[in-house]
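For reference, the structure is listed below as structure tokens.
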Amino acid sequence: MVICPPVGSYNRNKSFAIVDFPDPLGPMHLVLPGIGEPVAYRLVSESRAVGKTLGQLNLRGRTGATVLAIQRGGESMSVPTAENVLRSDDVLALAGTQEAIAAAKEILEQAQE
């Protein structure tokens, strides 16, 4: 469930809307309009990114892609920080150009040595 500003016409009696989304990335375009459609990426246990922080990976600096949120189990971390450690099976909400997202996926898909 996500609480967000209402979409469409303004209702004087309600300043926020409560919306249920089966897709954990579903509300991103409502919360952050103009970012385009976020892309979900699930980390596998073999990924070199598992156990590293977002700061260590520096995806935004290296690729231009931004991690908007992390879905972990039944919990969601909106606006993750550089200190967030990635775990196997985390679902990352990636935003950016197609090229930036492809480059970020390439980094995330690299297997551990």
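Please treat every number below as a calculation from the coordinates, not as lab data. All values reported here derive from a predicted model rather than from experimental measurement. A quick note on method: Cβ atoms are made from the backbone with ideal geometry, for glycine too, and the neighbour counts reach across all protein chains shown.
Odds and ends about this structure:
- Residue 103 being touching a residue at least 12 places away in the same chain (Cβ under 8 Å) and in contact with a Leu (Cβ under 8 Å, 6 or more places away or on another chain): no
- The range 79-100, residues that are free of Cβ contacts under 8 Å to residues at least 12 places away in the same chain and within 9 Å of residue 63 (Cβ to Cβ): none
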